[in-house]
1. What tally of residues in the stretch 68-100 results from selecting those that are in contact with a Pro (Cβ under 6 Å, 6 or more places away or on another chain) and closer than 21 Å to Ser28 by Cα?
2. Could you list all residues from the stretch 20-34 that are out of contact with any helix residue (DSSP H, G or I) (no Cβ under 8 Å at 6 or more places or on another chain), in contact (Cβ under 8 Å) with a residue 60 or more places away in the chain and not in a loop (DSSP other than H, G, I, E, B)?
3. Considering each of Val60, Val89 in turn, give the residue that is modelled with pLDDT of 95 or more, aliphatic (A, V, I, L, M) and in contact with a Gly (Cβ under 8 Å, 6 or more places away or on another chain).
4. Determine, yes or no, whether Lys85 is within 20 Å of Leu99 (Cβ to Cβ) and either in contact with a helix residue (DSSP H, G or I) (Cβ under 7 Å, 6 or more places away or on another chain) or surrounded by 10 or more Cβ atoms within 10 Å (Cβ to Cβ) (or both).
5. Look at Lys23 and say whether it is among the basic types (Lys, Arg) and over 21 Å from Phe7 (Cα atoms).
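The values are calculated or read from the model by the stated rules, or taken from the named source; none is laboratory data. Since we're looking at a predicted model, the values are computed, not measured. Note that we place each Cβ from the backbone using ideal geometry, even for glycine, and neighbour counts take in every protein chain shown.
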Amino acid sequence: MAGEIGFELRGHEVLLRPLITEKTMHLSERRNTFCFLVSTAATKQSVKEAVEKHWSVRVVGVRIQNRVGKSRRFKAMIGETSPSKRALVTLHEDDRIALF
């Protein structure tokens, strides 16, 4: 699937890594929703296809969050956190992903 930017991402290029925090573990246990850090060029459809292909599960929904980089100060130095894109993937109630 070609995105608006003019090139096509492969499945392993879409999903960068799973995001493991207390909040995302709560979502995975209670709502069967998993969080991934994805490429900034990824779309909902490309994330859905990548998850279904990689883990052989049925995806019900995908929500995308664009996180803006913020300026941070450490002593006399001023830096910036990097922007990121996150995907919250909801699976069918019969499917599971074993991240550990």
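1. At the first step, the residues of the stretch 68-100 found to be in contact with a Pro (Cβ under 6 Å, 6 or more places away or on another chain) are 68-69, 99.
Then keep just the ones that are closer than 21 Å to Ser28 by Cα; that gives 99.
Residues that pass the stated criteria total 1.
2. At the first step, the residues of the stretch 20-34 found to be out of contact with any helix residue (DSSP H, G or I) (no Cβ under 8 Å at 6 or more places or on another chain) are 20-32.
Remaining after also requiring in contact (Cβ under 8 Å) with a residue 60 or more places away in the chain: 20, 27-28, 32.
Leu27, Ser28 - these are the residues of the stretch 20-34 that are out of contact with any helix residue (DSSP H, G or I) (no Cβ under 8 Å at 6 or more places or on another chain), in contact (Cβ under 8 Å) with a residue 60 or more places away in the chain and not in a loop (DSSP other than H, G, I, E, B).
3. Values: Val60 fails: in contact with a Gly (Cβ under 8 Å, 6 or more places away or on another chain).
Matching residue, one of Val60, Val89: Val89.
4. On the way: within 20 Å of Leu99 (Cβ to Cβ): yes; either in contact with a helix residue (DSSP H, G or I) (Cβ under 7 Å, 6 or more places away or on another chain) or surrounded by 10 or more Cβ atoms within 10 Å (Cβ to Cβ) (or both): yes.
Yes, satisfied.
5. Yes.
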